[in-house]
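Worksheet: one structure, shown below.
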Amino acid sequence: MEKKTTVASSFCLLLLCVAAFAVAEVLAAHHHRHHHQRRRNDGSMKFFVLGDSYVDTGNIRKSVSPSWKEPYGITFPGKPAGRFSDGRVLTDYLAEYLGLRPPVPYALRKEANISEVEKGMNFAYGGTGVFDTLVSEPNLTTQIDFFQQLVEQEKLYAKGDLIKSSIALVSVAGNDYATHMVKTGNGSEDLAEFTKSVVKQIAVDLRRIRDLGVPKIAVTAVEPMGCIPRLTSFLSYQNCNESLNLASVFHNQVLRQNVEQLNKESNNSAFVILDLYDAFSSAINPQKDHQGNTTFQIDEPLKPCCVGVSSEYSCGSVDGSTGAKKYSICSHPERSFFWDTVHPSQNGWHAVYSSLKSSLHQLYS
């Protein structure tokens, strides 16, 4: 019982951080040259994004998020822009793969050109989940409501055009586990049942997106939560907590079963899983080639680049009275995997994207 309590408490601490900081992702790649393979786009493709901070590119309110404060955005676009990162996040890399610019954030849609809005939209809000979380931002159901309103009421997107050529990316669940553990104290006893309820609702939400006319929908598997720096700090950033990683594995198993069932119902492969668990693991534990080299240079992969100067501060914190910085940044952000105590850096996301790239052909099959 003591072991269960310890694991659950660690899980709670890790995931509380995820929710409390609204999640911040992606690090710096100083010689990023966009030499990634792009898919040919005939101009009709539309890209829609829903979910949390792994894919948010500017929706979350400035008053509640560190993603609008320095040093976020220092690598790209050179200033804070709402990305939970020093630079690009998963949305940016997948948009590039599709031959598109990152879709306009829903909260900023009225400031964008109609030609940009017509190419898709990003409804994701950092800190959110399938259900309501500790962050008062729109959950996945509400994000889909926004999407539905643009299709059915505002007629911004014609259903026929969506069916012809559009792709949706959904990234959720980490913040749901954060909220569950915080609210229940430990939650280890009913975590399996909670996982099933989360995935069941994900399946409902994926059906809704399909019914709006989107023919291809990619949903992310949960990353290895036991490797998040907020937790590995207790292990001197040397090892992941494998007990917590098992929670991720179970979620992903249930998700895979549900996605297979969805595809059987629709008689096609409308739904695909982007395996963030394996992609994160591959970057954190890179395989060397026959010459002993790795694809990406990553120093201390479990250690965050941007951290608070003490436990009461975090990346982006400043002194309330003097405005002095209360955080530090590593010497080589371009060689880190994690930007802050929760999210990958641009270099980290680049590594994740490179791992995912061989499976992205599914988006066109």
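Points worth noting:
- The packing ranking, built from the mean of other Cβ atoms within 10 Å per residue, places the peptides 165-171, 151-157 in the order 165-171, 151-157, highest first.
- Taking amide H as placed 1.01 Å from N in the peptide plane, Gly120 has its amide H under 5 Å from the amide H of Phe47, each at least 5 places away in sequence or on another chain.
- Cα-centre dipole for the stretch 221-365 with unit charges at Cβ (Lys and Arg positive, Asp and Glu negative), debye to 20: 100
- Cα→Cβ-extended label distance, 7 Å offset, between Ser310 and Thr322, nm: 1.3
- Our summary gives the stretch 269-365 a relative contact order of 30 percent, counting only alpha carbon pairs under 8 angstrom and 6 or more residues apart.
- Computed about its Cα centre, the charge dipole of the stretch 54-104 is approximately 200 debye, with only Lys, Arg, Asp and Glu carrying charge at their Cβ.
- Å² per residue, accessible surface of the stretch 115-264 at 1.4 Å: 39
- Residues whose amide H lies under 5 Å from that of Cys315, counting only those 5 or more places away or on a different chain, are Gly308, Thr341; hydrogens are built 1.01 Å from N in the peptide plane.
- Phi to ³J(HN,Hα) by Karplus 6.51 cos²θ - 1.76 cosθ + 1.60 over the stretch 263-276, Hz, x for Gly, Pro: 5, 5, 5, 8, 6, 7, 9, 5, 10, 10, 9, 9, 7, 5
- For the residue pairs Lys196/Lys264; Lys216/Lys264; Lys46/Lys200; Lys200/Lys264, alpha carbon separations beyond 24 Å are given by Lys46/Lys200.
- Distance between the modelled labels on Asp211 and Arg61, one decimal in nanometres: 3.0 nm (7 Å Cα→Cβ projection).
- Net charge of neighbours whose Cβ lies under 15 Å from the Cβ of Glu116, counting Lys and Arg as +1 and Asp and Glu as -1: +2
- Residues whose amide H lies under 5 Å from that of Ser166, counting only those 5 or more places away or on a different chain, are Lys46, Lys216; hydrogens are built 1.01 Å from N in the peptide plane.
- Proximal charge balance of Val307 [Cβ under 14 Å; K/R count +1, D/E count -1]: 0
- Remark: the stretch 104-119, residue by residue, has Karplus-estimated 3J(HN,Hα) of 5, x, 3, 5, 10, 4, 6, 8, 9, 6, 4, 5, 6, 4, 5, 7 Hz, where x stands for each Gly or Pro and the curve is 6.51 cos²θ - 1.76 cosθ + 1.60 at θ = phi - 60°.
- Placing +1 on the Cβ of every Lys and Arg and -1 on the Cβ of every Asp and Glu, with no other charges, gives the stretch 56-193 a dipole of roughly 560 debye about its Cα centre.
- Overall form of the stretch 42-198 per C-alpha gyration tensor (a/c, 1.5; a/b vs b/c): oblate
- Summing +1 for each Lys or Arg and -1 for each Asp or Glu among the other residues whose beta-carbon sits under 13 angstrom from that of Leu134 gives -3.
- Relative contact order, percent, the stretch 61-127 [alpha-carbon distance under 8 Å, six or more residues apart]: 19
- Coupling constants for the stretch 199-205 follow from the phi torsions by the Karplus curve (6.51 cos²θ - 1.76 cosθ + 1.60, θ = phi - 60°), and in residue order they are 5, 4, 6, 4, 4, 4, 5 Hz; glycine and proline get x.
The values are calculated or read from the model by the stated rules, or taken from the named source; none is laboratory data. Keep in mind it's a predicted model, so treat the numbers as computed, not measured. Here the Cβ is made from the backbone with ideal geometry for all residues, glycine too, and neighbour counts use every protein chain on show. SASA here: full protein model, heavy atoms, side chains in, ligands and nucleic acids out. Shrake-Rupley method; radii C 1.70, N 1.55, O 1.52, S 1.80 Å.
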